[in-house]
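A short reminder: the numbers here are calculations on the coordinates, not readings from a lab. All values derive from a computational prediction rather than experimental measurement. Neighbour counts run over all protein chains shown; Cβ positions are idealised from the backbone, glycine included.
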Amino acid sequence: MKTDRTIFRTGAVSVLVLASAIFSVVACGGKGGKEMLASDAAQRVYVAPGDKDEVYLFTSGGFNGQVGVQGIPSGRLIKVIPVFSVWTENGYGFDEETKMMLNTSHGFLPWDDSHHLQASQTKGEQDGRWLFINGNNTPRIARIGLETFETEEIIEIPNSAGNHASPFLTENTEYAMAATRFSIPIPQRDIPVESYGKGEFNGTITMVAIDKKTGALSVKAQVLVPGYNYDLSHCGKGPSTDWCFFTTYNTEQAHKMLEIEASKNDKDFILAFNWKKAEACVDQGKARTVPGPHVINRRGHNSKPATSEKVATVKMLNPTDCPGIMFYMPTPKSPHGVDVDPTGEYIVGGGKLATVIPVHSYSKMIKAIEDKSNFTDERMGIPVLKYESTLAGEVQKPCLGPLHTEFDGKGYAYTSCFVTSEVVKWKLGSWEVVQNMPAWYSIGHLSIVGGDSAKPYGKYLVSLNKITKDRYLPTGPELVQSAQLWDISGSKAELLLDFPTLGEPHYAQMIPAALIKDKTKQIFELEKNEHPYAAKSEKEAKVVRQGNVVHVYMTSIRSHFKPDIVDLRVGDVAYFHVTNLEQDFDIPHGFAIYGAPLPNILIMPGQTLTVKYEPKQPGVYPFYCTDFCSALHQEMQQYIRVSR
Ligand code: CUK
Ligand code: CUA
């Protein structure tokens, strides 16, 4: 979501109505949701000691830039995956092997804002291979491998600003989509911001190709689109598999006072994009080569350091050079989310300022684009279709502030409503609301297990709430963000649990544990370690000095580092390449040096990681293992002597 407060000040719905809605929600918090609670909720979320959860919940960290992994139904936090931000817990972004992951065309960036996750899919069904997540601030997409739960790759998106409608995937994970939230001058140049709206600012839709076998990312092409704000996306499935859909707001093209100026139009658009046709046009050479500086960072396998590849140009396709790839479907009013149901027929808009939830029909859209009498207008060569020509139906008066929709695979849709703090359950086809599920408070996204795929597993719904208020023990001015777990398997959804999340989750993905858990790696095989400075046994431990550059080939095993003592001089540039010789599951060693301006690193069994250390003052400096690894963990401590 953008600045949440702007919703309260819009002219669309009267301020009074909104204000009273807010207060009524806060007031109903007095009951604390107890009336919605399943009578045996405790039993249904209880995972006994030694037992495991049924589902993985992956949440985006929002302003913390990482991914949280929690077990469902317990809500237990089981992992943080560092992605776009440095992570002092294990040295991600600091050690010489992962530093490059955070490289961009603007240099090393220690942070980003991550909003949306999508799990890889085959034929529209989750396949448990990868997770993709967007970097919103400096446009990027990351790919996380679900064997290691590590970020394996980060690609920067050029000619974009605010990569919000991203990284939504096509049905067989052929492409991840990226759409610019902020329109900008393309190519970048110094021009007056006032020229926004006069054709000087554009948006782009980027097709990021995903290698079928390795998952490797590359920019296939970009499509130049009118300078609106592109907000969210989801791709089709089944019959609509060739298409992706993007919401727009600010079709008014205001460049200031957006909370008023960008809410004037009664309808904005959902952009329908035929990526298959675009791919064919690019392959036929219909795209121009334009500047598009970006980097592709890949984590090294078998302990090799990450690499950062620089790319200078991209292919840019103009919609007029490839007719029939794009259509605008008018959609009320500043739509936020767009979600395609499991059959691929219904495209649901979340008009955050609208009083209805509009649903477009894919089959009606295909008919509409065959008959030019349905074209009311065009924008940069992209036809605008008649609202009625694509409309399947509208959910009337569902709530205030509808945002995002997921599906249970049984014919129901669940839409989150920020302003009235609730999830509305409604029926596809008849468009009637069947249940209002209060959220405590102010829900953003929601997630159902596989609820955005062709085959939802259903059962659980998690609401990701923005404002926590009175749900936990007070902890000063800031409270942790809160999620709520609902059981949606019966005819009426029942509340089961409140639990805290990391950062501010926007979207989330839930994947049945059975799809992942047996594929995860337990160790890195020492034999396969290809790090150029690995010491694969204590015998190989050594110090090699080349002038003032010192390479320390160091081993760690319960409960000792080799070499025992390292002699350095002030002015040296020392690299501690620490190899963990263990071949046992879950036995990392840590490595930290007194006074070093670096966090510790955590080296996994079989892995080598490198810390760069430049001693400034003579003295004797201890280093030690930071991860409690054996009864003699505390003895895993040694010295660096620094002389003049
Ligand atoms: S956004 Cu935050 S609640 Cu960035 Cu998907 Cu809708
Ligand atoms: Cu190794 Cu503690």
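Simple spin-label estimate for Val480 and Lys286 gives 5.2 nm between the two label positions (7 Å along the Cα-to-Cβ direction from each Cα). Report the Cα centroid-to-centroid distance between region 542-560 and region 283-298 in angstrom, as an integer. Result: 42 Å between the Cα centres. Distance between the modelled labels on Asp190 and Asp242, one decimal in nanometres: 4.6 nm (7 Å Cα→Cβ projection).
Between Thr148 and Ser537, the FRET efficiency from the beta-carbon distance, with R0 = 30 Å, is close to 0.80.
Give me the net charge for the shell around Tyr553: Cβ to Cβ below 13 angstrom, other residues only, Lys and Arg +1, Asp and Glu -1.
Net local charge, Tyr553 excluded: +3.
Less than 15 Å from a label point 7 Å out along the Cα-to-Cβ axis of His106: which backbone N atoms in region 137-166 qualify, by residue? Counting only backbone N, you get 137-141, 156-164.
What is the calculated FRET efficiency for Glu388 to Glu259, with r their C-beta to C-beta distance and R₀ = 25 Å, to the nearest 0.05? Efficiency at R0 = 25 Å is approximately 0.25. For region 348-370 and region 385-444, what is the separation of their C-alpha centers, rounded to whole Å? Distance between centres, Cα-based: 13 Å. For Asn64, the residues 5 or more places off, or on other chains, whose built amide H falls under 5 Å of its own are Ser114, Glu504. Full extension of the chain between Lys469 and Asp518 gives 13.7 nm of extra length, using 0.36 nm per residue less the Cα-Cα distance. Sequence-distant contacts, meaning Cα pairs under 8 Å at least 6 residues apart, place the relative contact order of region 524-640 at 27 percent.
What does the net charge come to around Asn64 if you take all other residues with beta carbon closer than 9 Å to its beta carbon, with K and R at +1 and D and E at -1?
-2
Loop-located trypsin sites (Lys or Arg not before Pro) across region 46-123 with a Cβ neighbour count of 16 or fewer within 10 Å are Lys52, Arg76, Lys123, with loop assigned by DSSP. Only helical runs count toward this figure. For the chain, summing -39,500 (n - 2.57) over DSSP H runs of n ≥ 4 and dividing by all residues gives -2000 deg cm²/dmol at 222 nm. If we count every other residue with Cβ under 11 angstrom of Pro456's Cβ, Lys/Arg +1 and Asp/Glu -1, where does the sum land? Neighbour charge sum, excluding Pro456 itself: -2. Would you please state which residues of region 140-155 a label at Glu309 would reach in this model, taking the label point 7 Å out along Cα→Cβ and a backbone N cut-off of under 18 Å? So the set is 140-145, 152-155.
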